[in-house]
Amino acid sequence: MAVRTFLFTFAAAMEKKKHFRAALFDLDGVVFDTEPQYTVFWGAQCREFHPEHPGLEQEIKGQTLVQIYDAWFSGPLADKQALITERLDRYEQQMDYCYVTGFEAFVERLRREGVKTAVVTSSNCAKMEVVYGKHPEFKGLFDAILTSEDFERSKPDPDCYLKAARRLQAGVGECVVFEDSFNGLKSGRAAGMYVVGLATTNSAEAIRPLCDEVIGSYEGFAIP
């Protein structure tokens, strides 16, 4: 029902008002169904270095590596950052990067309808090189790909989405944001954009207050 509701809203805007000109997608949990894998990785690190804080891997979802290190691996744990980065690099090399159900068909239809598309991710360029290696078609799905190197301030600050809108020459009111993490949803909302939350990482109930719509996947999306 949520998918159909969003489809009607989005299609009506496109058909009648030509409202949305740009679709901005976070990466993990939005384009790729990778969040469960990251939860496994960070769960192991947090249990090793922060056993006093169970569930920390859930709290840091959507944060950049710099944010995680500054908050949880500074001071006496600063010397562990290099080790964790090395582990993360190895882990990302062997991860499965499977598209969220229905994503490819959805984004291709958007592009045929003239809607510009962009990835707006807290991941860095090194991570994206892994993605490109596993999915040679990836760059062709988007008009722009913005990574953590492109932003002065990380999510939940709106900086990343505002820059993406400017890159695509779209107004704030012409952009729809697709996010899954709390920080990402807050970022899209702070940017003043229409926010669609994917319940791939957190429950629909948990993210609903931060979204205009909540969906489970892109399956069934179509623009008439």
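The values are calculated or read from the model by the stated rules, or taken from the named source; none is laboratory data. A quick note: this is a predicted structure, and the numbers were derived from the prediction, not measured. Don't worry about glycine lacking a Cβ; one is built from the backbone with ideal geometry, like all the others, and counts go over all protein chains shown. Keep in mind that these areas ignore ligands, DNA and RNA; they rest on the heavy atoms of the full protein, side chains included. Shrake-Rupley method; radii C 1.70, N 1.55, O 1.52, S 1.80 Å.
Amide H to amide H under 5 Å from Y194: which residues, 5+ apart in sequence or cross-chain, H placed 1.01 Å off N in plane?
Under 5 Å from the amide H of Y194: C175, V177.
Once phi is turned into ³J(HN,Hα) by the Karplus curve 6.51 cos²θ - 1.76 cosθ + 1.60 with θ = phi - 60°, what whole-Hz value does each residue of region 147-154 show in order, with x for glycine and proline?
10, 4, 5, 8, 10, 7, 10, 8
Considering every Cα-Cα pair within the chain, what fraction, in whole percent, is farther apart than 25 Å?
Summing the P(r) tail past 25 Å for the chain gives 38 percent.
Can you return the aspartates and glutamates within cross-link range of K116? Criterion is Cα-Cα under 12 Å, with same-chain partners fewer than 8 residues away left out.
E108, D143, E174
State the Kirkwood hydrodynamic radius of region 104-194 in Å, one decimal place, computed from all pairs of distinct Cα atoms.
For region 104-194, inverting the mean 1/r across all distinct Cα pairs yields 13.6 Å.
What order, most packed first, do the peptides 25-36, 92-103, 75-86 have when packing is the mean number of other Cβ atoms within 10 Å of each residue?
Going from most to least packed, we get 25-36, 92-103, 75-86.
Kirkwood Rh over alpha-carbon pairs of region 143-224, then Stokes-Einstein at 10 °C and 1.306 mPa s: what D in µm² s⁻¹, rounded to an integer?
121
For region 103-155, state the average projected area of the convex hull of the C-alpha atoms over all orientations, rounded to one decimal in nm².
Answer in nm², one decimal: 4.0.
Carbon and sulfur: what percent of the chain's accessible surface (1.4 Å probe)?
That fraction is 52 percent.
Under the rule a/c < 1.5 gives rounded, and otherwise a/b versus b/c splits prolate from oblate, where does region 17-92 land using the Cα gyration tensor?
Prolate shape, in that a/c is at least 1.5 and a/b is the bigger ratio.
Kindly provide the helix-only [θ] at 222 nm of the chain, computed as the sum of -39,500 (n - 2.57) over DSSP H runs of four or more divided by all residues, to the nearest 500 deg cm²/dmol?
On the way: 10 runs with 93 residues, N = 224.
When only DSSP H runs of four or more count, the value is -12000 deg cm²/dmol.
If you count the DSSP beta bridges with both ends in the chain, what percent of them are antiparallel, to the nearest 5?
Restricted to the chain, the bridges split so that about 5 percent are antiparallel.
Pairing the Cα long axis of helix 81-93 with the longest principal axis of the chain, what angle in degrees results, from 0 to 90 and rounded to the nearest 10?
50
Distance from a point 7 Å along Cα→Cβ of Q67 to each backbone N in region 149-175: keep the residues under 13 Å and list them by number.
151-161
Among residues other than D96 whose Cβ falls under 13 Å from its Cβ, what is the net charge (Lys/Arg +1, Asp/Glu -1)?
Working: positive: K134; negative: D28, D33, E35, E92.
Residues near D96 contribute -3 overall.
Averaged per residue, what accessible surface does region 51-170 expose to a 1.4 Å probe, in Å²?
51
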